[in-house]
Amino acid sequence: MQSQAAGPTAYLTHSACSMHEMGKGHPECPQRLAAIQDRLIAAGLWDYLWHLEAPSATRAQLLRVHDAAYLERLSLMVPAQGYVHLDPDTAINPYSLRAAYHAAGAGVAAVDLVMSGRAQNAFCAVRPPGHHASRCKAMGFCVFNNVAVAVAHALAEHWLGRVAIVDFDVHHGNGTEDIFHGDERVLMVGIFQHPFYPYSGDPPLAGNMLNVPLARGSTGTALREAVNAHWLPALEAFRPELIVISAGFDAHLEDDMSSVGFVEADYAWITRQLRALALHHAGGRIVSMLEGGYDLSSLGRSVAVHLKELGGF
């Protein structure tokens with residue numbers, strides 16, 4: 001059961017997120033969300049979460065991080081049937097843009113929940129993911145930068161001066177870095193396999209970006225070394241008022257999308273470190289948003305341990 005010290009953990013999703021799909025065999029598939037739900041039920045965690053329907057982001061919320069011309073271009077590209085490709089890896093079907101609006105809206109709602117104290121932390125089980133999307137371009141399965149929308153909302157509507165972004169996806173969050181590099185209100189810390197798609201992040205674009213590239217074949221030992229030597233000292237010095245996580249689970253040993261070998265214990269460990277830091281500096285406030293993770297079994301198991309640690313279950 002949840003500890004007395006912890007508030008409720010909110011779980012935000014929307015049915016539209018399962019209607020977005022990019023063609024047979026695409027790894028970023030609707031079954032990802034079903035695999036997470038099934039594992040949370042099997043692990044006995046489902047009933048301890050506060051389940052909420054994610055709202056749609058507004059145009060004004062998206063315009064904080066995306067160009068107006070990009071939003072207009074997307075609205076004109078939605079197909080009546082079939083698919084339209086936004087880049088070689090990223091397609092939209094007739095339902096995708098609605099899913100993308102709800103994916104971004106989940107982060108906004110989650111920020112409001114934790115900033116109001118109604119939830120101590122939140123997990124957004126949404127797709128399409130977001131951290132590769134830049135101000136004016138979709139890429140790498142991502143349409144809107146969900147984490148960036150959430151962070152910009154926290155800065156604008158909750159008047160925060162220090163928000164930390166933590167990205168442990170196996171791919172560098174190039175879109176998030178594009179949006180926030182040089183913004184001293186934001187510290188972004190990340191690990192990623194390098195060299196690897198999208199072949200960026202080393203060197204970082206600005207001093208508020210702390211990127212730790214990991215070599216092919218790295219395990220959880222390398223993750224822990226990076227966190228202890230680089231992330232935690234920087235985060236402690238920054239004293240974030242809110243932590244927003246790009247929670248990608250595609251660095252798992254069983255995920256053939258990458259060549260890095262994390263396991264569930266590694267995701268549990270990093271979540272414990274972030275929760276402790278949030279409790280010390282940010283009143284426990286964490287918003288975690290799903291990014292990658294394409295092996296369905298390891299994705300479900302990894303999200304389960306992530307939520308178990310977030311909620312103090």
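The values are calculated or read from the model by the stated rules, or taken from the named source; none is laboratory data. These numbers were taken from a predicted model, which means no experiment stands behind them. Glycine also receives a Cβ, built like all others from the backbone with ideal geometry; neighbour counts cover every protein chain displayed.
Here is a yes/no grid of residues against (1) out of contact with any His (no Cβ under 8 Å at 6 or more places or on another chain); (2) over 15 Å from residue 14 (Cβ atoms):
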site: 80; (1), (2): yes, yes
site: 106; (1), (2): no, no
site: 114; (1), (2): yes, yes
site: 122; (1), (2): yes, no
site: 135; (1), (2): no, yes
site: 140; (1), (2): no, yes
Pairs with Cβ under 9 Å, 6+ apart, first in segment 251-272 and more than 13 Å from residue 171 (Cβ to Cβ) and in contact (Cβ under 8 Å) with a residue 60 or more places away in the chain, second of a type in the set (D, E, K, R) and surrounded by fewer than 17 Cβ atoms within 10 Å (Cβ to Cβ):
270/224
Filter segment 237-291 down to the residues that are farther than 11 Å from residue 306 by Cβ, out of contact with any strand residue (DSSP E or B) (no Cβ under 8 Å at 6 or more places or on another chain) and assigned to a helix (DSSP H, G or I) and list them by number.
237, 265, 273, 276, 279, 280, 281
Within segment 127-160, the residues that are more than 14 Å from residue 103 (Cα to Cα), among the hydrophobic types (A, V, I, L, M, F, W, C) and in a loop (DSSP other than H, G, I, E, B) are 136, 138, 159, 160
Within segment 80-94, is even one residue at pLDDT 95 or above, surrounded by fewer than 14 Cβ atoms within 10 Å (Cβ to Cβ) and over 28 Å from residue 299 (Cα atoms)?
yes
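Does residue 123 satisfy being of a type in the set (Phe, Trp, Tyr) and in a loop (DSSP other than H, G, I, E, B)? Even if it seems obvious, please write down each step before you answer.
Working: of a type in the set (Phe, Trp, Tyr): yes; in a loop (DSSP other than H, G, I, E, B): no.
Here the answer is no, as residue 123 does not meet what is asked.
Among the residues of segment 20-32, which ones are surrounded by 21 or more Cβ atoms within 10 Å (Cβ to Cβ) and within 14 Å of residue 126 (Cβ to Cβ)?
Hits for segment 20-32 are 20, 28, 32.
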Given the conditions (1) in contact with a helix residue (DSSP H, G or I) (Cβ under 9 Å, 6 or more places away or on another chain); (2) closer than 22 Å to residue 179 by Cβ; (3) among the small types (Gly, Ala, Ser), and given that residue 234 satisfies all but one, which numbered condition is not satisfied?
(1)
Starting from segment 72-83, keep only residues that are within 14 Å of residue 101 (Cβ to Cβ), then list their pairs with residues that are assigned to a helix (DSSP H, G or I) and among the β-branched types (Val, Ile, Thr) whose Cβ atoms are within a distance under 8 Å, requiring at least 6 positions of separation or different chains.
none
Of all residues making up segment 190-207, the number that are free of Cβ contacts under 8 Å to residues at least 60 places away in the same chain and surrounded by fewer than 23 Cβ atoms within 10 Å (Cβ to Cβ)
11
Only one residue in 302, 259, 288, 297 is touching a Phe, Trp or Tyr at 6+ places or on another chain (Cβ under 9 Å), surrounded by fewer than 19 Cβ atoms within 10 Å (Cβ to Cβ), of a type in the set (Ser, Thr, Tyr) and at pLDDT 95 or above, so which one is that?
259
If I filter segment 98-118 for residues that are surrounded by fewer than 20 Cβ atoms within 10 Å (Cβ to Cβ) and in contact with a helix residue (DSSP H, G or I) (Cβ under 7 Å, 6 or more places away or on another chain), do I get at least one hit?
yes
